[in-house]
Amino acid sequence: MKQETVRYRLARRVRSLPAETVSRLLGMPRISRRLNEAYETARASYRPRLPKLPALDMEIVAGLEKNGVHITSLDELRLPGTQALWTSATEIANTYSLRASAGEFAGEYTVRVGADDLMRHPHIVGWPLQDRILDIVETYLGLPSAYGTLNFLYTLADGRQVAARRWHRDLEDRRMVKVVVYLHEVDMDAGPLEILHCSFPGSDALDGSNFPILTQEMLEQRLGTTLNSGDVTTCTGKAGTVIFTDVARRYHRGRPAIARDRCALFYNFFSRAPLRPFFCERHVFSPGQIRELAADQSARARDCMLWRSNVPLLARLVPSARL
Ligand SMILES: [Fe+2]
């Protein structure tokens, strides 16, 4: 993602207008109340069908409920397919690191690994589509889950507070689970994910079609004080750290990296009938590639990947606001 030109920003704004307009409508009190009632009814009726989780996985759900985040590791999770994931993902990460050193990404702040690279490694995309992860996600969401695929991000250590490095909330749904895998050690200076634990005036209300997006300085201005260490979980960790976090209910950001570039996998989950489906397809794949990736999966995983066919027709008519 390059520093955007005015023309590019304008074109993106025009493309996003229908989605933003509907997002505003959904925020209107009467509409929002009706939708919330239907959502709570759906959660209540799905409750008896929720899976029974092993102890570690219950801890992850408890962490999400209590703090909006739980930090674990690939070693602790011991999931099938982890070695293949690690080999391929670190190989791609090393390639991007070499390209960055050669100056190929000058002027960009974050580079997304492209669809062509990922289509050659479908096991990276499909890794979290296993019963244990889906059970964790569904228990936390309280509803059948949808898989919004992943963003495989290479973030340059330029210290800039731009895009997802500003404090924000994701908009796609009421509850979401992002599963983040660090591909190398991430310390304070290498862009760790940060989750905010305090609220502030306006943190629960849409400002137009989105929640306010804030720099560190703007956030502290709203809080009326500087952030204390207990107000934020800074997710530093070794290579292979796995973070489960709800990016919809919690303000969060990627702390701007200043010393070392960061490479990580961001897997996205939301409910199968998300509140704002038109914000959900912020990934690199075409619809045809999604169908291709889903074809080899189990029936449960396929339903998660092809969630869009479950969305009511009216909502499907709103064009997706892509990144
Ligand atoms: Fe986010």
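Values in this text are rule-based calculations from the coordinates and carry no lab data. This is a predicted model, so every value here is computed, not measured. Here the Cβ is made from the backbone with ideal geometry for all residues, glycine too, and neighbour counts use every protein chain on show.
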Q. Could you state the number of Å between the C-alpha centres of the range 264-314 and the range 1-66?
A. 14 Å
Q: Largest first and in whole Å, give the semi-axes of the range 106-158's equivalent ellipsoid, each being the square root of 5 times a Cα gyration tensor eigenvalue.
A: 28, 15, 8
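Net charge within 13 Å of L26 by Cβ-Cβ distance, Lys/Arg positive one each and Asp/Glu negative one each, not counting L26 itself?
Once positives and negatives cancel, what remains is +3.
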(Q) For the chain, what are Rg and Dmax over the alpha carbons, in angstrom? (A) 19.0, 55
Q: Loop sites only, by DSSP: take the GluC sites (Glu not before Pro) in the chain that have at most 16 other C-beta atoms within 10 Å and name the longest stretch containing none of them.
A: 186-323
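For I60, what is the net charge nearby, where nearby means another residue's Cβ is under 12 Å from its Cβ and Lys, Arg count +1, Asp, Glu -1? Could you put the intermediate results ahead of the total?
On the way: positive: K66, R132; negative: D57, E59, E65, E76, D135, D246.
Net charge in that neighbourhood comes out at -4.
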Q) Taking R0 as 56 Å, what's the FRET efficiency between S286 and T225 from their Cβ-Cβ distance, rounded to 0.05? A) 0.75
Q | Percent of alpha-carbon pairs separated by more than 20 Å within the range 135-251 | A | 48 percent
**Q.** Positive-end extreme of charge dipole, the range 2-316 - chosen from P287, G208, I31 (charges on Cβ)
**A.** I31
Q. Okay, helix-only estimate at 222 nm for the chain: each DSSP H run of n ≥ 4 adds -39500 (n - 2.57), divide by all residues, round to 500 deg cm²/dmol; what do you get?
A. -11500 deg cm²/dmol
(Q) For Cα pairs less than 8 Å apart in space and 6+ apart in sequence, what is the mean separation divided by the residue count of the range 2-316, i.e. the relative contact order in percent? (A) 27 percent
Q: Using the number of other C-beta atoms within 10 angstrom as an exposure proxy, rank K238, K52 with the fewest first.
A: K52, K238
Q.
Check which residues have an amide H placed less than 5 Å from V247's amide H, if you skip close sequence neighbours.
A. M176, K178
Q. Relative to the Cα centre, what is the charge dipole magnitude of the chain, using +1 at the beta carbon of each Lys and Arg, -1 at the beta carbon of each Asp and Glu, and rounding to the nearest 20 debye?
A. 1180 debye
Q) Any idea what the alpha-carbon Rg over 2.2 N^0.38 Å comes to for the range 32-150? A) 1.37
Q. Magnitude of the Cβ-charge dipole of the range 226-323, K/R +1 and D/E -1, about the Cα centre, nearest 20 debye?
A. 140 debye
